[in-house]
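First up is the structure itself, then whatever we jot down about it.
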Amino acid sequence: MLRAMGDPRFYAGTEITKTSRLKDLMKKCNTRMVMIDEFQHFYDKASHKVMHYVADWLKILVDDSHVALTVAGLPSCMSVVNQNEQLEGRFQAPVVMPRFDWTRGEHREEFTAVLGAFHQAMSDEFDLPELDSDEMAFRCYCATGGLMGYLSKFLRQAVWNALDSQRREIRLEDLAEAHRKSMWSASSKIGALASEPFSKTFQCAPTEDVLAMVRQIGEPKVADELVERPRRRRVIQAPDAVSSVLSAR
């Protein structure tokens with residue numbers, strides 16, 4: 001935090017002196033809110049223990065500085081708040097942002113609207129299929145499992161490929177190539193029915209078998225004694241320019 005706020009000697013001093021400098025900087029910068037991402041790291045999954053000392057330090061910092069506190073992270077971050085009564089009392093009800101579920105109408109509409117925003121931004125530079133059409137929306141859903149992180153990464157790859165090839169057109173086969181390049185192979189092994197959503201032979205029908213396979217995207221898997229972590233469950237704001245697609249997280 002000291003380094004982010006421009007302290008040239010962020011590395012120097014004891015915890016007490018660093019904290020004191022941080023409070024002074026926050027006051028001088030008129031800080032109104034502290035926002036912490038990846039809050040699940042306050043919870044040690046190996047020992048199943050919350051780092052109470054760090055959580056208490058954060059609580060005191062926020063109280064002394066009179067600022068709002070917003071945290072975000074994977075569901076395991078709830079344990080940090082639930083196991084600290086004083087910290088819990090400082091939070092309102094959590095906003096849970098799970099993956100989109102194609103079987104729920106409101107989720108389907110919101111996912112399609114996000115695709116429409118992406119399409120509007122990308123169509124300024126490229127000719128491409130209508131991403132928010134019923135067929136393309138379902139293809140994109142099957143490609144990403146309804147996870148915004150995968151969606152932005154996949155579309156960013158499509159833009160990169162087009163720029164590298166100096167093309168102003170992104171075709172269905174280009175989306176298929178971008179999908180293959182952007183998805184980690186172990187995560188995309190979800191069965192033949194849903195593994196190639198941009199194939200011309202793909203059946204754009206939301207059958208229970210296909211949806212069950214798609215729900216496995218981003219979920220932890222155990223294979224050859226390799227345990228993969230689940231993907232972040234967060235909503236990525238749709239960009240308003242191609243440059244935003246390239247810089248999207």
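Observations
- Cα gyration tensor, the range 130-188 - rounded (a/c under 1.5), prolate or oblate: oblate
- Pair Ala12, Glu208: separation of 7 Å Cα→Cβ label points (nm): 6.8 nm
- By definition, a body whose alpha carbon gyration tensor gives a ≥ b ≥ c is oblate when a/c is 1.5 or more and a/b is not larger than b/c, and the range 114-156 fits this oblate description.
- Amide H contacts for Val71 (H built 1.01 Å from N in the peptide plane; partners 5 or more residues away or on another chain; cut-off under 5 Å): Ile36.
- Net charge, Lys200 excluded, C-beta distance under 14 Å - Lys, Arg +1, Asp, Glu -1: -3
- If you take the alpha carbon atoms of the range 1-128 and fit the smallest convex hull around them, that volume is 202 Å³ per residue.
- Sparsely packed chymotrypsin sites (Phe, Trp or Tyr not before Pro) within the range 56-121, loop by DSSP, other Cβ within 10 Å at most 15: Phe91
- Once you reduce the range 152-171 and the range 5-45 to the center of their Cα atoms, the two points are 39 Å from each other.
- The local environment of Arg168, defined by Cβ-Cβ distances under 15 Å, has a net charge of -4 under the rule Lys, Arg +1 and Asp, Glu -1.
Rule-based calculations on the coordinates, nothing more; no lab input. These figures come from a predicted structure and were not determined experimentally. Glycine gets a Cβ as well: all are built from the backbone with ideal geometry, and neighbour counts include every protein chain shown.
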